[in-house]
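**Student:** One structure, pasted below without further comment.
The values are calculated or read from the model by the stated rules, or taken from the named source; none is laboratory data. Every value quoted in this text rests on a predicted model; they were computed, and no experiment measured them. Reconstructed Cβ throughout: ideal geometry from the backbone, glycine too, with neighbour counts over all protein chains shown.
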Amino acid sequence: MVVLFLGDLGRGGVGVYNAATKRKDAVSHKYFPARRKFISELAILLAAFPFFGFFYAMFRGKYDYRVHRQTIYYDDLPEAFDGFTITQLSDIHSGSFDNVKAMQKGIDLAQSQKSDLFVFTGDLVNNAAREIEQYLSNFSQLRAPYGQFSILGNHDYGDYIHWDSEAEKAANLDKLKQHHKDLGYRLLLNENVELEKSGQKISLIGVENWGRGFIQKGDLSKALAGVDPKSFKILLSHDPTHWEEQVRYNTNANVRLTLSGHTHGAQFGVEVDGFRWSPVQYRYLDWAGLANEGDRYLYVNRGFGFWPSQAG
């Protein structure tokens, strides 16, 4: 449309000039020249790129799993944890899968990292706990020497579908929490655990969902209860806006690394040779990859699964 509009704008200018000077087209005997064929062909060619991009994303790209590695250096990291590795998955959205074989390849890729710690940062389902049940044996394969830990995301609370009663909705959430146990994940609900290696410790903190414009059950103060103020802290928080508004400038909490997900890059993005763009960047300050504020880091996972109708 843009190419054709610019072409027609040029035709219009020529037509106005011809009309003013009484010059008619030699072939059509009209003031306004016909649309040039190469402009129409150029428009079709340019339109083909996003068309095939959408086509690829719908059928293949949604299972194009990749490992994004980041190495972060801290002066105050306990020496025993130098080289400590974490594999993070986020936004599984189990209700959207339609190719179990392709999904399993992503699980195998994650497990093949052989990391020290595995974390999952929310949105296990789209709406209902039953969505993950057929995949429990798949995702329970994810294991790490220092454990598997998880948190809830905004979709996990069942807020986006109708329930016959609040009791039914609450029962669904209870069932989902049980499924985290079935998977072998320790679900952190505004709480913390200590990870110990060679006599030294770090604190892993997990909050419920807190997001700008979304459900806000996350309570960082509660999650930090009992944590040594001098402890090295890693936070699991589904929505990166929590880091933006409550974590990055919080000197009392002094969280050194926050792991989030949620944005999916709006499921529409371009990342090529250092260039990165997605429409979601106009809503989220940090929507994929690593960001930092001083010596406090945020990593936003691009998401393991996909939400069929909107970014979640």
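**Student:** Mind checking whether some residue in segment 235-244 is closer than 30 Å to VAL100 by Cα and out of contact with any Leu (no Cβ under 8 Å at 6 or more places or on another chain)?
**Tutor:** Looking through segment 235-244, at least one residue is closer than 30 Å to VAL100 by Cα and out of contact with any Leu (no Cβ under 8 Å at 6 or more places or on another chain).
Yes or no, residue by residue, for (1) at pLDDT 95 or above; (2) touching a helix residue (DSSP H, G or I) at 6+ places or on another chain (Cβ under 8 Å); (3) not small (Gly, Ala, Ser):
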| position | (1), (2), (3) |
| --- | --- |
| ASN138 | yes, yes, yes |
| ARG143 | yes, yes, yes |
| PHE149 | yes, no, yes |
| SER165 | yes, no, no |
| ALA170 | yes, no, no |
| SER198 | yes, yes, no |
| GLU208 | yes, no, yes |
| GLN216 | yes, no, yes |
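**Student:** Under 7 Å between Cβ atoms, at least 6 apart or on separate chains: pull out the pairs that start in segment 1-23 with a residue that is within 14 Å of GLU41 (Cα to Cα) and end on any residue that is of a type in the set (Val, Ile, Thr) and surrounded by 11 or more Cβ atoms within 10 Å (Cβ to Cβ).
**Tutor:** Every condition considered, the pairs that remain are VAL3/ILE39; LEU4/ILE39; GLY7/ILE39.
**Student:** Report yes if VAL67 is assigned to a loop (DSSP other than H, G, I, E, B) and either farther than 21 Å from VAL300 by Cα or at pLDDT 95 or above (or both), otherwise no.
**Tutor:** Spelling it out, VAL67 is indeed assigned to a loop (DSSP other than H, G, I, E, B) and either farther than 21 Å from VAL300 by Cα or at pLDDT 95 or above (or both).
**Student:** Tell me, yes or no, whether segment 246-263 has at least one residue that is of a type outside the set (D, E, K, R), within 28 Å of ILE132 (Cα to Cα), out of contact with any strand residue (DSSP E or B) (no Cβ under 8 Å at 6 or more places or on another chain) and buried (at least 20 other Cβ atoms within 10 Å of the Cβ).
**Tutor:** no
**Student:** Give the residue that is surrounded by the most Cβ atoms within 10 Å (Cβ to Cβ), with candidates limited to residues of segment 102-150 that are closer than 19 Å to VAL67 by Cβ and basic (Lys, Arg).
**Tutor:** Going through the qualifying residues, I end up with LYS105.
**Student:** Here's another thing I want to ask about it. Restricting attention to segment 89-130, and to residues there that are among the basic types (Lys, Arg) and assigned to a helix (DSSP H, G or I), which single residue is farthest from SER260 (Cα to Cα)?
**Tutor:** So the residue we want is LYS101.
**Student:** Is it fair to say VAL272 is surrounded by fewer than 16 Cβ atoms within 10 Å (Cβ to Cβ), over 14 Å from the mean Cα position of the chain (by Cα) and of a type in the set (Val, Ile, Thr)?
**Tutor:** Taking the combined requirement at face value, the residue satisfies it.
**Student:** Name, by its number, the condition in (1) aliphatic (A, V, I, L, M); (2) buried (at least 18 other Cβ atoms within 10 Å of the Cβ); (3) farther than 20 Å from LEU220 by Cβ that does not hold for LEU298.
**Tutor:** The failed condition is (3).
Table: residues versus (1) assigned by TED's automatic domain parsing to the domain that holds LEU189; (2) within 20 Å of ARG186 (Cβ to Cβ); (3) without any contact (Cβ under 8 Å) to a residue 60 or more places away in the chain; (4) out of contact with any Pro (no Cβ under 7 Å at 6 or more places or on another chain).
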residue: ASN209; (1), (2), (3), (4): yes, yes, no, yes
residue: LYS222; (1), (2), (3), (4): yes, yes, yes, yes
residue: LYS230; (1), (2), (3), (4): yes, no, yes, yes
residue: LYS233; (1), (2), (3), (4): yes, yes, yes, yes
residue: ASN252; (1), (2), (3), (4): yes, no, yes, yes
residue: LEU259; (1), (2), (3), (4): yes, yes, no, yes
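**Student:** Hey, could you check segment 212-256 for residues that are under 20 Å from the mean Cα position of the chain (by Cα) and of a type in the set (S, T, N, Q) and say which is nearest to LEU152 (Cα to Cα)?
**Tutor:** SER237
**Student:** So how many residues does segment 291-312 have that are of a type in the set (Gly, Ala, Ser) and either more than 21 Å from ILE215 (Cα to Cα) or at pLDDT 95 or above (or both)?
**Tutor:** So the count comes out to 2.
**Student:** Would you please name the residue that is nearest to ASP219 (Cα to Cα), looking only at residues in segment 131-164 that are of a type in the set (Asp, Glu) and outside any helix (DSSP H, G or I)?
**Tutor:** By that ranking, first place goes to ASP159.
**Student:** Identify, please: which residue in segment 272-290 is part of a loop (DSSP other than H, G, I, E, B) and under 19 Å from GLY211 (Cβ atoms) and is, among those, modelled with the lowest pLDDT?
**Tutor:** So, considering only residues that are part of a loop (DSSP other than H, G, I, E, B) and under 19 Å from GLY211 (Cβ atoms), the one modelled with the lowest pLDDT is SER278.
**Student:** Still on this model: Identify all residues within segment 227-248 that are among the polar types (S, T, N, Q) and either closer than 17 Å to ASN192 by Cα or outside any helix (DSSP H, G or I) (or both); write none if there are none.
**Tutor:** Within segment 227-248, SER231, SER237 qualify.
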